[in-house]
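Just so it is clear, none of the values below were taken in a lab; they were calculated from the coordinates. Predicted, not measured: the structure shown is a model, and the values here were computed from it. Reconstructed Cβ throughout: ideal geometry from the backbone, glycine too, with neighbour counts over all protein chains shown.
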Amino acid sequence: MHAPAPRPARLSPLNRRRLANFMANKRGFWSLWIFMAIFLLSLFAEIIANERPALVRYDGGFYMPIFKTYPETAFGGEFETEADYRDPFVIGKIDEKGWMIWPPIAFSYNTVNRNLSVPAPAPPSAANWLGTDDQGRDVVARLLYGLRISILFGLTLTVVSSVIGIAAGAVQGYFGGWIDLGFQRFIEIWSGLPRLYLLIILSAFIQPNFWWLLGLLLLFEWMALVDVVRAEFLRARNFDYVRAARALGASDAIIMFRHVLPNAMVATVTFLPFIMSGSVTALVSLDFLGFGLPAGSPSLGELLAQGKANLQAPWLGITSFVVIALLLSLLVFIGEAVRDAFDPRKVFR
Amino acid sequence: MAAVLSPERAPAAADSAPLLEVVDLKKHFAIRKGLLSRVAGYVYAVDGISFTLRAGETLGLVGESGCGKSTAGKTILKLIEPTSGVVRLRGRRINNLGRRDMRPFRREMQVVFQDPYSSLNPRMTAGDIVGEPLINYNLARGSEIADRVAYLFGKVGLRPDQMIKYPHEFSGGQRQRLGIARALSLNPSLIVADEPVSALDVSVQAQVVNLLMDLQAEFGLSYLFVAHDLAVVEHISHRIAVMYLGRIVELTDKQSLFARPLHPYTEALLSAVPIPDPQMQRKRIILMGDVPSPINRPAGCHFHTRCPYAEAHCRVEEPAMQEVHPGHFVACHLRQPETPASKPVS
């Protein structure tokens with residue numbers, strides 16, 4: 001055991017030790033940084049990949065079309081509608097009295113590149129780094145926006161379903177008896193419901209959006225953690241230190257969350273990356289099948305489906321495969337490192 | 001202390017009333033079998049024990065493993081719900097209280113467990129473990145907690161700089177000291193010590209027992225000291241109760257128990273205690289057979305199957321607890337009181 005470095009941090013020694021253990025795991029540590037970088041990049045997707053220029057200098061004035069909508073007339077055009085900065089006419093007008101700075105990728109996720117020299121899907125080129133999909137939309141831009149939706153979806157689903165699942169498992173395991181018995185039977189029935197059919201039936205009535213899919217997957221996803229947490233609570237509720245806590249006047253809530261839950265956390269945290277990757281996979285597969293996000297939404301699953309439909313354009317399939325595999329691998333590496341960091345018996349060197 | 005005393009307590013009983021009074025306490029565990037969880041029988045773990053414990057006194061509870069002594073301790077603390085019987089703390093009945101009503105009384109009675117490994121939360125630092133009860137009862141906040149924990153650490157012979165360590169970084173004896181510090185943190189008047197030294201090395205046992213005795217002298221604690229080691233019990237106890245199959249068979253002060261054991265079972269137990277004198281000749285009483293099952297206990301006196309003096313009516317009639325000498329109670333047909341006026345255990 002190395003002594004914790006005495007520094008005026010506000011972290012408790014336990015959390016300091018966990019942090020040190022996490023950072024000692026190089027693979028997980030770097031996976032976290034890569035994942036954070038990808039996530040951060042995707043959060044700023046509008047600035048990186050957009051069909052509007054980042055900055056326009058026109059007639060002595062500065063314009064920022066990404067953040068503000070300007071009519072075509074502002075640049076000497078004829079229409080009151082928003083300027084189409086990809087239109088050669090507008091480009092010509094602006095170039096007469098100023099200049100434009102474009103984002104690194106001059107396409108948004110739904111921008112159709114009309115200047116393709118070959119029929120879509122077009123292979124990688126200087127303009128479209130990873131080519132275009134079968135509707136002439138830039139693959140990099142769609143990946144960037146698709147990653148954002150996938151990660152946000154996975155994170156939200158993981159957090160909400162974990163909170164519900166942990167609470168349900170804790171109550172069952174801690175109180176046991178009839179509560180446990182009734183709840184378990186309910187879960188057995190509930191988990192028997194065919195969730196995919198429910199989604200297909202639902203998509204016949206409504207156009208499922210992000211929140212509909214989140215809610216619907218949440219109805220089933222919360223059960224993933226219940227068994228693990230319940231088992232840990234059933235095991236721990238007869239531990240001497242739990243008895244001692246009761247003798248020391250701790251309330252049920254304190255015993256559950258201060259004494260039992262932290263010991264159930266290793267098992268729980270071990271599952272979290274799998275729930276996260278499972279959530280991402282769930283969205284990908286729904287999009288792949290066409291029951292997911294509305295048509296036109298940027299999505300990894302939709303790109304995968306295009307790869308399958310256009311085997312003559314291997315860049316679609318390969319790109320989506322590599323990106324999905326990378327995302328899921330990063331999540332698992334991070335999860336492994338977190339799990340080891342939470343293990344009190346694990347000693348690093 | 002005054003705050004936790006119940007208003008129902010009779011004022012006259014303030015001095016004479018025992019700190020803890022246990023009357024006919026029973027704990028029977030149901031054995032369930034089959035699909036429908038039918039009750040197939042009971043384990044008579046504790047079957048009607050009665051005793052009192054005065055302030056500042058140590059009562060040793062001894063017996064073989066499986067005789068129900070640990071269950072008795074946990075039932076008194078209501079860590080296990082008793083089947084029947086009465087437990088009074090300072091004259092106030094507590095065995096029928098709900099969790100919420102029980103809370104003020106929890107401060108008065110604390111527990112030290114047998115296994116110093118499983119009784120400390122591995123995810124809390126030593127300081128947090130000892131300080132937690134203070135937070136539960138809102139007795140201290142902020143730096144007061146650390147001060148109080150440091151004080152308790154000093155009292156049990158640990159260094160305050162060990163507060164940031166985790167239980168697994170301590171030795172068994174140090175862990176047991178932590179358990180004692182945690183029990184002391186609420187300033188209890190009664191500590192149920194559930195075989196606190198049986199998991200420790202012999203050399204460490206002595207340290208911990210002496211620590212418990214020092215703390216008793218300093219804070220006026222009462223101990224219910226559950227153990228199977230007669231030498232340890234003899235060292236720490238004022239009075240000793242011997243249990244056999246869920247019942248107390250003999251209850252008396254330390255001196256008369258060791259000088260004049262009356263129950264045949266106590267005799268046998270005492271004859272097994274080694275004496276550090278090779279010249280001393282002693283008749284060793286070897287009990288035949290095993291302890292009968294606490295599920296199907298023998299009729300009559302539970303000890304008759306192994307008793308060297310058993311007579312015919314021992315197999316039929318259960319002996320009652322009788323005061324054979326003043327303050328010396330025994331449950332045996334063969335020991336009749338010297339004075340005709342026998343009275344029940346008070």
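Structure notes:
- Cβ-based net charge around B:His328, under 9 Å, with every Lys or Arg adding one and every Asp or Glu removing one: -2
- Rounded to the nearest whole Hz, the Karplus-based 3J(HN,Hα) values (6.51 cos²θ - 1.76 cosθ + 1.60, θ = phi - 60°) of segment A:247-253 follow the sequence 5, 8, x, 6, 7, 4, 5, with x at glycine and proline.
- Here the simple spin-label model places points 7 Å from the Cα toward Cβ, and for B:Ala259 and B:Phe219 these points are separated by 3.3 nm.
- Between A:Ala20, A:Trp99, B:Thr305, the Cα set farthest toward the positive side of the dipole of the protein assembly as shown (charges on each charged residue's Cβ, about the Cα centre) is that of B:Thr305.
- Each Lys and Arg adds +1 at its Cβ and each Asp and Glu adds -1 at its Cβ; summed about the Cα centre, segment B:249-346 shows a dipole of about 200 debye.
- Close amide H partners of A:Gly292, meaning residues 5 or more places away or on another chain with modelled amide H under 5 Å apart, are A:Asp287.
- Förster radius 25 Å - calculated FRET efficiency between A:Trp30 and B:Asp161, Cβ distance, rounded to 0.05: 0.10
- Helix screen, chain B: DSSP H segments with Cα axial length of 20 Å or more and mean Kyte-Doolittle hydropathy at least -1.0 are B:202-219.
- Of all aspartates and glutamates in the structure, the ones whose alpha carbon falls short of 14 Å from that of B:Lys283, not counting any fewer than 8 places away in one chain, are B:Glu267.
- Among B:Ile191, B:Ile286, the ranking by other beta carbons within 10 Å of each residue's beta carbon, starting with the fewest, stands as B:Ile286, B:Ile191.
- Prolate/oblate/rounded label for chain A (Cα gyration tensor, a/c 1.5): prolate
- Sites excluded, GluC sites (Glu not before Pro) in DSSP loops with at most 16 other C-beta within 10 Å, longest stretch of chain A: A:81-349
- The ranking of A:Thr156, B:Thr252, B:Thr52, A:Thr268 from fewest to most other beta carbons within 10 Å of each one's beta carbon is A:Thr156, B:Thr52, A:Thr268, B:Thr252.
- Computed magnitude of the charge dipole of segment A:18-64 (debye, nearest 20; Cβ of K, R +1, Cβ of D, E -1): 400
- Subtracting the Cα-Cα distance of A:Arg16 and A:Phe210 from 0.36 nm times their residue separation leaves 66.1 nm of extension gain.
- Long-range HN-HN contacts of B:Tyr42 with modeled amide H, under 5 Å: B:Ile31
- Only Lys, Arg (+1) and Asp, Glu (-1) charged, at Cβ; chain A dipole about Cα centre in debye: 1980
- Sparsely packed chymotrypsin sites (Phe, Trp or Tyr not before Pro) within segment A:164-273, loop by DSSP, other Cβ within 10 Å at most 11: none
- The residues neighbouring B:Gly154, those whose beta-carbon lies less than 15 Å from its own, together hold a net charge of +1 under the Lys/Arg +1, Asp/Glu -1 convention.
- Estimated from helical segments only, the mean residue ellipticity of chain B at 222 nm is -8000 deg cm²/dmol, where each DSSP H run of four or more residues counts as -39500 (n - 2.57).
- Extending 7 Å from Cα along the Cβ direction at A:Trp102 and again at A:Val118 yields two label points whose distance is 2.0 nm.
- Whole-Hz Karplus values for segment B:28-33 come out as 10, 8, 6, 9, 9, 9 Hz, taken residue by residue from phi with 6.51 cos²θ - 1.76 cosθ + 1.60 and θ = phi - 60°; glycine and proline positions read x.
- Averaging the Cα positions of each part gives two centres, and for segment A:129-152 and segment B:97-139 these lie 57 Å apart.
- Positive-end residue, the protein assembly as shown charge dipole about Cα centroid, Cβ charges, pick of A:Gly307, B:Asn296, B:Gln255: B:Gln255
- Extreme residue, positive dipole direction of chain B, given options B:Met124, B:Ser222, B:Ala241 (C-beta unit charges): B:Met124
- Exceeding the 20 Å Cα-Cα cut-off - candidates B:Lys74/B:Lys165; B:Lys27/B:Lys74; B:Lys74/B:Lys254; B:Lys69/B:Lys254; B:Lys74/B:Lys155: B:Lys74/B:Lys165; B:Lys74/B:Lys254; B:Lys74/B:Lys155
- For A:Ile189 and A:Leu55, a Förster radius of 51 Å and the Cβ-Cβ distance give a FRET efficiency of 0.30, rounded to the nearest 0.05.
- Each residue of segment A:99-116 is assigned a 3J(HN,Hα), and the resulting list reads 8, 10, 10, 9, x, x, 10, 8, 9, 8, 5, 10, 7, 8, 7, 8, 9, 6 Hz, derived from the Karplus form 6.51 cos²θ - 1.76 cosθ + 1.60 (θ = phi - 60°), x at Gly and Pro.
- More than 48 angstrom apart: percent of Cα pairs within the protein assembly as shown: 41
- Exposed GluC sites (Glu not before Pro) absent - longest run of chain B, DSSP non-H/G/I/E/B, at most 14 other C-beta within 10 Å: B:9-310
- With both residues required to sit in chain B, DSSP beta bridges show an antiparallel share near 60%.
- Residue order, fewest to most beta carbons within 10 Å, for B:Cys314, B:Cys301: B:Cys314, B:Cys301
- Other residues with beta-carbon under 9 Å from the beta-carbon of A:Asn310 carry, at +1 per Lys or Arg and -1 per Asp or Glu, a net charge of -1.
- A:Leu55 long-range amide H proximity, modeled H, under 5 Å: A:Ile101
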